[in-house]
Structures are given as structure tokens and as C-alpha cells.
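K.L.:
Structure incoming, see below.
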Amino acid sequence: MQPTRRQTLGLALGTAGLALPARAAVPGPGGDCSAPGLPWKTGVEGQRKADLGDGRYVNPVLAGDRPDPNVLKDGDDYYATFSSFQYYPGIPIWHSRDLVNWTPLTTALRTNIGVVWALDIAKHDGRYFIYIPALDPEDSSRPLKTWVIHADDMRGPWSEPIDMKLDGFIDPGHAVGEDGKRYLFFNGGRRVRISDDGLSAAGPAEQVYNGWPIPEDWIIEGFALEGPKLLRKDGWFYMFSGQGGTAGPPTSHMVVVARSRSIHGPWENCPSNPIVRTESAAEPWWSRGHATPVQGPAGDWWLVYHGYENGFRTLGRQMLLEPMEWTADGWPRALGGDLSRPLAKPKGAQPGPHGVALSGFGADMFRTRLAFFSPRPGYSDRAQLKSGALRLAGQGKGPADASPLLFVAGDRSYEVTVEVEIQGDAQAGLLLFYNEKLFCGLGLSDGKLHAYRLGQEERWPPGGPASVRRMYMRVRNDENIATFFYSHDGVRWTKERSFEISGYNHNMADGFLSLRPAIYAAGTGSAIFRSLVYRATGAAG
């Protein structure tokens with residue numbers, strides 16, 4: 001990693017005393033919403049909420065793009081982390097007391113180390129560790145490295161990333177052997193002993209597990225043995241792994257389990273493998289896998305994993321919760337079926353708050369909401385907050401290379417409105433953004449309104465002329481039909497055009513990402529964004 005690529009999100013972005021703008025009221029029902037066969041409660045800004053308030057919950061427990069979730073139980077607290085891929089600040093950490101209601105705590109990674117894949121969080125000798133595989137496309141000699149960050153408190157501060165000198169691995173899983181030594185398990189059934197302080201390799205890579213043999217006639221994306229999560233219980237070491245591929249056909253991903261009396265093996269496959277799998281495209285959740293076993297507040301057991309919502313791959317892989325039990329012969333058994341019905345909540349803890357407000361430009365927005373996409377050096381210096389408005393310096397020539405600011409939306413239908421003002425030679429606007437090659441939306445420059453579809457500026461018909469440098473923009477995403485509007489006063493709106501966006505997903509564009517609302521500023525000037533308002537719409541948002 002070259003020093004010029006290391007950048008830290010400065011605390012200046014969190015300037016104290018900044019006022020949030022008034023938020024628009026959220027219309028719609030205040031209690032139960034309905035979608036086919038499933039009741040949801042509405043939470044912040046009408047967003048869907050898993051907790052039904054009657055002792056039951058309905059998946060997802062954390063809606064929107066929460067890929068490769070792994071959960072750490074720490075006393076009465078639960079902490080969840082997720083892959084952050086090309087978004088910075090990276091590695092969001094969420095907190096819960098009951099595994100159903102979650103709130104954001106912080107982002108642990110401020111330094112750009114590349115594309116962050118599935119990681120692992122651990123606590124050892126009173127200290128917290130996050131093990132991070134990252135792809136650095138600028139380093140041809142060592143493109144895939146394993147990093148570690150550590151902290152005394154989950155809220156941070158987290159250390160700068162430390163290169164563990166472990167190359168070519170993904171999906172680390174931390175474990176402590178019967179001899180007290182520490183290990184990382186990786187994809188492909190490989191294992192490496194690490195130092196007692198957890199910060200470097202202390203032995204060679206060893207092949208210790210070959211996975212579960214998937215039947216030849218199963219429709220999967222690939223063998224893809226990955227995501228090992230280790231649990232020590234009742235004299236056994238259990239390894240929970242993902243197989244089958246994380247996307248592709250709906251029936252690809254699955255959860256398999258193996259166990260051993262020793263950290264050194266041999267590993268015996270569960271006779272009931274896979275314990276979780278989507279068996280039909282008719283199920284509500286596709287590609288279910290990458291599970292972490294976790295004990296609930298009352299001592300019962302649960303699986304936390306991800307899956308795509310049927311028909312809504314655009315939302316990314318969402319966090320799911322399924323009850324499990326231990327059989328008389330010591331194997332785990334999942335109890336939630338296809339997750340098509342409400343389930344009893346974990347007992348033993350009081351529900352807490354859930355979700356995060358997505359409206360406004362607040363002092364903590366980089367800790368809880370907004371992230372830059374594929375940032376260049378100095379990305380943290382581009383944004384300035386003042387009196388509830390965001391000034392964003394331009395970068396690149398248009399949305400593709402502007403490193404937009406994005407946030408996770410977890411509702412099937414929603415609306416985003418923002419006021420955009422351009423300054424100097426700038427172009428700025430509102431997008432639904434998957435990556436630099438796949439996005440749609442509107443942009444404003446001096447004298448012109450730009451329209452984008454499939455990552456390119458529309459020519460038939462093109463965007464029209466614009467006589468102003470300040471404009472309101474709105475996108476209404478109605479179950480993968482996106483309609484963009486503009487207004488000069490925020491009251492009278494003109495419909496610009498609509499797009500069908502269900503194909504804006506990983507299976508079409510790769511990258512393991514999701515389609516996210518975004519704002520951008522390009523060119524040599526800057527843009528000021530005001531009055532950002534998010535509201536969920538339709539049934540269950």
C-alpha cells in the first residue's frame with residue numbers, strides 16, 4: 001500500500017453544534033404495514049422494522065445491504081459488522097441487546113486499504129479485533145492482503161490497519177485452540193496460526209477441511225467454501241461455513257457445519273448438511289448463507305446470516321435471524337424453515353431502539369449513514385458541514401468518477417428528496433447508484449439538466465436546458481420502478497423520466513454491492529446539498 005493511498009476520515013466532518021433541518025412528516029400508517037403474507041411494523045421515517053411488538057419478529061432483522069454479517073456476543077451486548085467493499089468510512093458496527101432491534105454504533109475503518117471483503121470480529125483477553133481481507137487493485141505483487149484493527153472499546157478509537165503479511169485469503173474466522181493458541185480459518189478450508197497478540201502470522205497456511213460434497217444435480221453458483229465461523233461448545237469445535245456461491249441462482253448459497261474434538265481436526269461433516277439452504281425460487285429469501293451461530297440473551301441459540309429478498313436483489317444481502325437448537329447427538333438444527341412466517345423473538349432482553357434516520361445532514365452522518373464510493377486520496381476533505389447543509393467539492397467529470405456519497409435503503413419502496421445548488425464549474429445531482437458503470441439519475445450543471453441511465457448520459461431524449469443553478473430533485477423508487485422529478489420551489493414538481501431498475505444488482509454487474517440513493521458533485525467547482533428527506537412509501541416501505 002503506497003502512503004498516498006492512505007487517507008483518514010477527519011473528525012472535522014463531525015463538527016459539533018450543527019443543526020439538522022426540519023424533516024418532512026412521514027405519511028402512511030403508523031403501525032402495521034402489510035406485504036404479501038408478512039406483517040411489518042414501521043420505524044424511523046416509515047422504514048420497516050422486524051419487531052412486531054407482540055413477542056414476534058419477521059425477517060429481515062436489519063433491512064438493506066448488510067452483507068456477510070458476523071455477530072459478537074459480549075456479555076449482554078451484541079455487535080454486528082458487515083463487509084464494506086468499496087465504501088468508506090468502512091466496516092459499520094451495529095449494536096443490539098435482543099438480536100432483533102439494532103442501532104448503528106460507529107464505523108471502524110477510516111483508512112482506504114482497498115475493497116473490503118467478508119471479515120471477522122473477535123474479543124480476546126479483553127481486547128477487540130477485526131480481521132479484514134482487502135483487495136488492493138493498485139498492488140500487483142500483493143493484491144489480496146489480510147489486515148487487522150484493534151480497540152479497547154467497540155466504539156473506538158480503532159487502530160490503523162496492520163498488515164498481517166497473510167496474502168491470498170478471504171473470509172477470516174478467529175478461533176482459540178485447546179492449547180490457548182490463536183488461529184484464523186479462511187476460505188477453502190485453510191488455517192493459519194497467528195501470534196498471541198493477534199496481529200501477525202505465526203505459522204504457515206494449512207489445509208484442514210475440504211467442505212461438504214454438494215450433490216451434482218443441485219443448482220448452485222459454484223462450490224465456494226468460505227466464511228468459516230468457529231464455535232467451541234461442550235468439548236467440540238464447530239465450524240459453520242458457507243458453500244454454493246453467495247449470489248447466482250436463488251438456490252446457490254447454504255450453511256454447512258463440521259465439528260472436531262480438536263482445533264487440529266479431523267473435521268466431521270454434519271449428517272444433516274446443509275442446515276440452511278434456499279431450495280426454491282418461490283421462497284421469500286434467496287441465497288441464504290454465511291452464518292454466525294450466537295447464543296441468545298436467555299441462553300438459546302440463533303443463526304445470523306444474509307440473503308437476497310425475492311425480487312429485490314437491488315437491496316443487497318440483508319441480515320436474517322433464524323432460531324436453532326442442538327440435537328441429542330450434538331449437532332445444530334435450524335428451526336425457521338424458509339423464513340416466510342413471523343417467529344418468536346429471543347427471550348431474556350428488553351427491546352431497544354432500531355434503525356437510523358436517513359434524512360438531513362447531521363454531524364454524525366459519516367459514523368452512521370453516509371459513505372463515499374471508491375474514494376480517492378483526500379476524500380474526507382471534500383465534505384464540509386455547516387448549519388445542516390453539506391458542501392461537497394467536485395471530483396471527476398460526472399457521476400461515474402465523482403465518488404458519490406451513498407446510504408443504505410432497506411425498503412422496497414421509498415422516496416428521496418434533496419435541494420442541490422451548484423457553485424463554479426460543477427455538476428451535481430441525485431442518483432440511484434450501484435457502481436461506476438451502473439447508475440441512473442439526474443444532474444444539474446450550468447445551463448443543462450442531465451439524465452443518466454445504465455451508467456451513461458441519456459441522448460434519446462437528452463436532458464433539457466436549465467436556467468437555474470439551484471434545484472430540488474426527487475427520486476421515487478416504487479418496487480424497482482424509479483421515477484425522477486425536479487422542482488424550482490420544492491412545491492410544484494415536474495416528472496423527468498422513469499426507469500425499470502431490477503437488473504441493477506450483483507448478478508448483472510458483479511462487485512457484491514447494492515443499489516443505493518446517492519448524491520454527487522463533479523467538476524472543478526462544488527455543490528451545496530440541503531434538506532435531504534428520506535421516507536418509506538407503500539406497503540411496509
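K.L.:
Across every pair of different alpha-carbon atoms, what Kirkwood hydrodynamic radius in Å does segment 182-245 reach? Each step should come with its number before you reach the end.
P.N.:
Working: mean 1/r = 0.0759 Å⁻¹.
This gives a value of 13.2 Å.
K.L.:
Give, in nm to one decimal, the length gained when the segment between residue 494 and residue 448 is fully stretched (0.36 nm per residue of separation minus the Cα-Cα distance). Present the calculation step by step, with values, prior to reporting the outcome.
P.N.:
Numbers: separation 46, 0.36 × 46 = 16.56 nm, distance 1.54 nm.
Answer, rounded to one decimal: 15.0 nm.
K.L.:
A further question on this structure: Considering the dipole of segment 270-406 built from charges on the beta carbon (Lys and Arg +1, Asp and Glu -1) around the Cα centre, which of 274, 290, 395 is farthest to its positive end?
P.N.:
Working it through, the farthest residue towards the positive pole turns out to be 395.
K.L.:
Let me ask something else about it. Can you give the calculated 222 nm mean residue ellipticity of the chain, where each DSSP H run of n ≥ 4 adds -39,500 (n - 2.57) and the sum is split over every residue, rounded to the nearest 500 deg cm²/dmol? Intermediate results must be reported in sequence, preceding the final value.
P.N.:
Numbers: 2 runs with 8 residues, N = 541.
0 deg cm²/dmol, from helical runs alone.
K.L.:
Continuing with this model, one more query. Sort 225-238, 399-412, 95-108 for me by packing, meaning the mean count of neighbouring Cβ atoms within 10 Å per residue, highest on top. Write out the running numbers ahead of the final one.
P.N.:
Details: 225-238: 19.3, 399-412: 24.6, 95-108: 21.4.
Order by mean packing, descending: 399-412, 95-108, 225-238.
K.L.:
Going by average Cβ neighbours within 10 Å, how do the peptides 245-251, 113-119, 491-497 rank, with the highest at the top?
P.N.:
Working: 245-251: 19.9, 113-119: 23.7, 491-497: 12.3.
In decreasing order of mean packing, 245-251, 113-119, 491-497 become 113-119, 245-251, 491-497.
K.L.:
Given 37 °C and 0.692 mPa s, how large is the Stokes-Einstein diffusion coefficient of segment 406-496 in µm²/s, with Rh as the Kirkwood radius over Cα pairs? Walk me through the numbers on the way to the answer.
P.N.:
Working: Rh = 13.5 Å.
My calculation gives 243 µm²/s for D.
K.L.:
Right, something else. If you wrap a convex hull around the C-alpha atoms of segment 462-518 and split its volume per residue, what is the figure in Å³?
P.N.:
Values: hull volume 6.5 nm³, N = 57.
Each residue corresponds to 113 Å³ of Cα convex hull volume.
K.L.:
Heads up, I need the accessible area for residue 446: 1.4 angstrom probe, whole protein in place, Å², nearest 10.
P.N.:
120
K.L.:
Among 210, 173, 141, which residue has its Cα furthest toward the positive end of the charge dipole of segment 139-214, with +1 on Lys/Arg Cβ and -1 on Asp/Glu Cβ?
P.N.:
Of the candidates, 210 comes out farthest on the positive side.
K.L.:
Rounded to two decimals, what ratio of Rg to Rh does segment 316-373 give with C-alpha atoms and a Kirkwood Rh? All intermediate terms of the calculation are to be shown ahead of the outcome.
P.N.:
On the way: Rg = 17.9 Å, Rh = 15.7 Å.
Ratio of gyration radius to Kirkwood radius: 1.14.
K.L.:
Here's a follow-up. Over all alpha-carbon pairs of segment 174-309, lay out the pair-distance distribution in 5 Å bins, whole %, shortest bin first.
P.N.:
All Cα pairs, binned at 5 Å, distribute as 2, 11, 19, 21, 19, 14, 9, 4, 1, 0 percent.
K.L.:
On a full-extension model of 0.36 nm per residue, what is the gain between residue 233 and residue 124, subtracting their alpha-carbon distance, rounded to one decimal in nm?
P.N.:
Full extension of this stretch gives 37.5 nm more.
K.L.:
Related question: Keeping all protein chains in position, work out how much accessible area residue 508 exposes to a 1.4 Å probe, and write it in Å² to the nearest 10.
P.N.:
The accessible area of residue 508 comes to roughly 140 Å².
K.L.:
Charges on Cβ only, +1 for Lys and Arg, -1 for Asp and Glu, centred on the Cα centroid of segment 327-477; of 378, 360, 428, which one is farthest towards the dipole's positive end?
P.N.:
So the residue we want is 360.
K.L.:
Another one. Let me know the whole percent of all Cα-Cα pairs from segment 58-156 that are separated by more than 16 Å.
P.N.:
56
K.L.:
Normalised radius of gyration for the chain, please: alpha carbon Rg relative to 2.2 N^0.38 Å, two decimal places. Don't jump to the answer; show the numbers that get you there.
P.N.:
Working: Rg = 23.0 Å, N = 541, 2.2 N^0.38 = 24.0 Å.
So the Cα radius of gyration is 0.95 times the expected 2.2 N^0.38 Å.
K.L.:
If we sort 194-206, 174-186 on the protection proxy, mean other Cβ atoms within 10 Å, highest first, what's the order?
P.N.:
On the way: 194-206: 15.1, 174-186: 18.2.
Ranking, from highest mean packing down: 174-186, 194-206.
K.L.:
What does the charge dipole of the chain about its Cα centre add up to, to the nearest 20 debye, if the Cβ of each Lys and Arg holds +1 and the Cβ of each Asp and Glu holds -1?
P.N.:
Values: 57 positive and 58 negative charges, 237 e Å.
Charge dipole of the chain: 1140 debye, to the nearest 20.
K.L.:
Turning to a different aspect of this structure: Distance in nm between label sites at residue 326 and residue 298, each 7 Å beyond Cα in the beta-carbon direction?
P.N.:
In this crude spin-label approximation the distance works out to 1.8 nm.
K.L.:
Do the alpha carbons of any pairs in 181/345; 123/386; 123/347; 41/495; 229/437 sit beyond 27 Å of each other, and which pairs?
P.N.:
Numbers: 181/345 36 Å; 123/386 38 Å; 123/347 24 Å; 41/495 31 Å; 229/437 34 Å.
In this structure, 181/345; 123/386; 41/495; 229/437 exceed 27 Å between Cα atoms.
K.L.:
Please sort by residue number the GluC sites (Glu not before Pro) in segment 263-359 whose DSSP state is loop and whose Cβ has at most 15 other Cβ atoms within 10 Å. List each step's numbers first, then the result.
P.N.:
Values: sites: 268, 279, 309, 325; in loops: 279.
Hits after loop and neighbour filter: 279.
K.L.:
Using a simple charge model, +1 on the beta-carbon of Lys and Arg, -1 on the beta-carbon of Asp and Glu, nothing else, what dipole does segment 405-506 show about its Cα centre, in debye to the nearest 20? If you can, show how the numbers build up before the last one.
P.N.:
On the way: 12 positive and 14 negative charges, 39 e Å.
The calculation lands at about 180 debye.
K.L.:
Per residue, how much accessible area does segment 73-120 have with a 1.4 Å probe, in Å²? Mind showing how you got there, number by number?
P.N.:
Working: 920 Å² over 48 residues.
On a per-residue basis, segment 73-120 sits at 19 Å².
The values are calculated or read from the model by the stated rules, or taken from the named source; none is laboratory data. In this text the structure is predicted, and so the values were computed from the model without any measurement. Don't worry about glycine lacking a Cβ; one is built from the backbone with ideal geometry, like all the others, and counts go over all protein chains shown. We work out accessible area using only protein heavy atoms, side chains counted, and drop any ligands, DNA or RNA first. Shrake-Rupley method; radii C 1.70, N 1.55, O 1.52, S 1.80 Å.
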